[in-house]
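Accompanying notes for the structure given below.
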Amino acid sequence: MERSGHAPNHDSDGTADDASATRTLLRDAAERAANYLESLGARPVVPGAAALSALQRLDGPLPAHGSGAQQTLALLDELVSPATMAMAGPRFFGFVIGGSLPAALAANWLAGAWDQNAGFYSVTPGVARLEQSALRRLIALFELPPQTAAGFVTGATVANFTALAAARHAVLARVGWNVEADGLFGAPPITVIAGDEAHPTLLKSLGMLGLGRSRIVRVADDGQGRMRADALPPIAGPTILCLQAGNVNTGACDPFVPLIEHAHRHGAWVHVDGAFGLWAKATASLRHLVDGMEAADSWATDAHKWLNVPYDSGLAFVRDAHALKAAMAITAEYLPQAGEERNPSDYTPELSRRARGVEVWAALQSLGRAGIAEMIERNCRQARRFAAGLSAKGYAVLNEVVLNQVLVSFGDDARTRRVVARLQADGTCWCGITVWQGHTAMRISVSNWSTDDHDVEQSLEAMLRAAASV
Ligand SMILES: *Cc1c(COP(=O)(O)O)cnc(C)c1O
């Protein structure tokens, strides 16, 4: 297949030989990937020391001559697979992330083969329509207004950025300022309000938009990370209120009904960072947590968190399509002509991008409404099981376990850190450390489709073992 020692692909001429070499390569990749996924249940979640030290082999310079596709793939698998954290597996509880659903992973491979530049409808009609279908389904699932416009972006950080750019446009347009044309120099000031427990990337997004990280007016929370409606400052002039569905530590959601009512009465734009919390809407038993969020003006969420699709996959939703397009379209002549199709790049910061909506569509299609709700409700039930098992042994659960997040203290800060270090080294499961309102805690995030109750019991035992040994 590789016909010479170097530059093996230069003589590719579309022959049957090339086709069969590609087929062999892709089959090899599929075989290696399946082996990897099958190993996740048994291998330690954290990579071993030998695997990490073998990574030194990556330090070499770019070889003068390539090693060819098949050998390159083998090298990747041998060197890097063992050095990965088993994030895709059922017992990684370190961040609010999932693993890839089989349908989403397979769709990702197929979309990779399609290799579509999903920026324009005219050249990628298939994936553009697929993405539209996914968005319509998501808008219905979250019960957002039917005219809501949306874009596929890399993650919630950029989804917040995108939606807040639309917010910035709208609140300044209302006072006669065109921020896209004239920038922020000399513009009427915008008041930005966010909770004390807003996600740090929300502040970063505001900084990137020229709205400043430090000039944000912060609002006190109720001790669980929910913004206190009675602590809202008076609202006047161009204002953006940033709310949250799903605090990254506690899972708590802001009380949307009173906050949005108040903000709208005073003319503010309301944005909801719902990176994972928005998904509560898809369930019967948890949807009360996000009651009223659909009255906001914009929303951000992640598909690579609770929908369990591959990274990078975030979604920005904006009620007023005009505001989103004004902020994101390349030219001002974005208004659709009669009969014109939706151009994906009118809704996102990116022009060229991969068709990340393919995996979102595949995840939605493969699970259906019932499957999505089951996954989310199961993860939350598993979080409650962790909390019950740990508090039964006398360890302090620091949060109300309303969603999929559990914060546990094993005593003082130093002891909690030692227990978590012991747990991480044990390798049965993986949890990280957080500091919640001054207290060091272990954070358990349950958001993987493949986590079953046996994984939870096994992990709980490992946690109790680690705590008993310190
Ligand atoms: C994870 C998270 C983010 C950032 O999301 P990325 O996809 O990592 O960019 C923002 N806000 C909240 C509430 C989150 O949980």
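The values are calculated or read from the model by the stated rules, or taken from the named source; none is laboratory data. Quick caveat, the model's predicted, so the values are computed rather than measured. Please note: Cβ atoms are built from the backbone with ideal geometry, for glycine as well, and neighbour counts cover all protein chains shown.
Here are the numbers for this structure:
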{"read-out": "Options Gly98, Gly112; residue that is of a type outside the set (Phe, Trp, Tyr) and not in a helix (DSSP H, G or I)", "value": "Gly98"}
{"read-out": "Selection count, segment 343-372, where residues are within 11 Å of Ala103 (Cβ to Cβ) and of a type in the set (S, T, N, Q)", "value": "2"}
{"read-out": "Unique residue being under 27 Å from Pro188 (Cα atoms) and either free of Cβ contacts under 8 Å to residues at least 24 places away in the same chain or within 16 Å of the ligand (Cβ to nearest atom) (or both) when the list is Ala166, Ala159, Ala140, Ala149", "value": "Ala159"}
{"read-out": "Failed criterion for Leu203 (all others in (1) within 14 Å of the ligand (Cβ to nearest atom); (2) crowded, with 24+ Cβ neighbours inside 10 Å; (3) over 28 Å from Met375 (Cβ atoms) hold)", "value": "(2)"}
{"read-out": "Candidate set: segment 248-285, residues that are farther than 19 Å from Arg228 by Cβ and away from the ligand (no atom under 16 Å from the Cβ); chosen: the one surrounded by the most Cβ atoms within 10 Å (Cβ to Cβ)", "value": "Trp269"}
{"read-out": "Filtered residues of segment 261-286 (kept if assigned to a helix (DSSP H, G or I) and closer than 18 Å to Leu307 by Cβ)", "value": "Gly277, Leu278, Trp279, Ala280, Lys281, Ala282"}
{"read-out": "Residues within segment 180-195 that are loosely packed, with under 12 Cβ neighbours inside 10 Å and small (Gly, Ala, Ser), tallied", "value": "3"}
{"read-out": "Conditions (1) at pLDDT 95 or above; (2) assigned to a loop (DSSP other than H, G, I, E, B); (3) within 30 Å of Phe152 (Cβ to Cβ); number of the one not met by Cys380", "value": "(2)"}
{"read-out": "Lone qualifier among Val402, Val419, Val358 - being among the β-branched types (Val, Ile, Thr) and more than 26 Å from the chain's Cα centre (by Cα)", "value": "Val419"}
{"read-out": "Output for segment 218-247, where each listed residue is on the phi > 0 side of the Ramachandran plot and more than 14 Å from the ligand (Cβ to nearest atom)", "value": "Gly223, Gly237"}
{"read-out": "Search result, residues across segment 415-444 that are in contact (Cβ under 8 Å) with a residue 12 or more places away in the chain and of a type in the set (Gly, Ala, Ser)", "value": "Ala425, Gly427, Gly432, Ala441"}
{"read-out": "Set Ser122, Ser100, Ser133: member being at negative phi, of a type in the set (S, T, N, Q) and within 16 Å of the ligand (Cβ to nearest atom)", "value": "Ser100"}
{"read-out": "So Asn343, is it at pLDDT below 95 and at negative phi", "value": "yes"}
{"read-out": "Residue that is of a type in the set (Gly, Ala, Ser), part of a helix (DSSP H, G or I), free of Cβ contacts under 8 Å to residues at least 60 places away in the same chain and surrounded by fewer than 24 Cβ atoms within 10 Å (Cβ to Cβ), where the choices are Gly368, Gly389", "value": "Gly368"}
{"read-out": "Members of segment 341-360 found to be of a type outside the set (Asp, Glu) and either without any contact (Cβ under 8 Å) to a residue 12 or more places away in the chain or not in a loop (DSSP other than H, G, I, E, B) (or both), listed by number", "value": "Pro344, Ser345, Tyr347, Gly357, Val358, Val360"}
{"read-out": "Filter result (surrounded by 19 or more Cβ atoms within 10 Å (Cβ to Cβ), closer than 30 Å to Met293 by Cβ and polar (S, T, N, Q)) within segment 104-141", "value": "Asn108"}
{"read-out": "Failed condition for Ala49, given (1) surrounded by 13 or more Cβ atoms within 10 Å (Cβ to Cβ); (2) within 30 Å of Val406 (Cβ to Cβ)", "value": "(1)"}
{"read-out": "Any chance Gly427 is modelled with pLDDT of 95 or more, among the small types (Gly, Ala, Ser), surrounded by fewer than 22 Cβ atoms within 10 Å (Cβ to Cβ) and under 24 Å from the mean Cα position of the chain (by Cα)", "value": "no"}
{"read-out": "Hits in segment 305-318 (condition: within 15 Å of the ligand (Cβ to nearest atom) and either surrounded by 24 or more Cβ atoms within 10 Å (Cβ to Cβ) or among the acidic types (Asp, Glu) (or both))", "value": "Lys305, Trp306, Leu307, Asn308, Val309, Asp312, Ser313, Gly314, Leu315, Ala316, Phe317"}
{"read-out": "Residues satisfying the stated conditions in segment 236-247, i.e. in a loop (DSSP other than H, G, I, E, B) and surrounded by 18 or more Cβ atoms within 10 Å (Cβ to Cβ)", "value": "Pro238, Gly246, Asn247"}
{"read-out": "Some residue of segment 216-226 being surrounded by 23 or more Cβ atoms within 10 Å (Cβ to Cβ), of a type in the set (Asp, Glu) and in a loop (DSSP other than H, G, I, E, B)", "value": "no"}
{"read-out": "Where a residue in segment 296-312 is outside any loop (DSSP other than H, G, I, E, B) and its partner, wherever it lies, is aromatic (Phe, Trp, Tyr) and within 9 Å of the ligand (Cβ to nearest atom), with Cβ under 9 Å and at least six apart", "value": "Thr301/Phe276; Asp302/Phe276"}
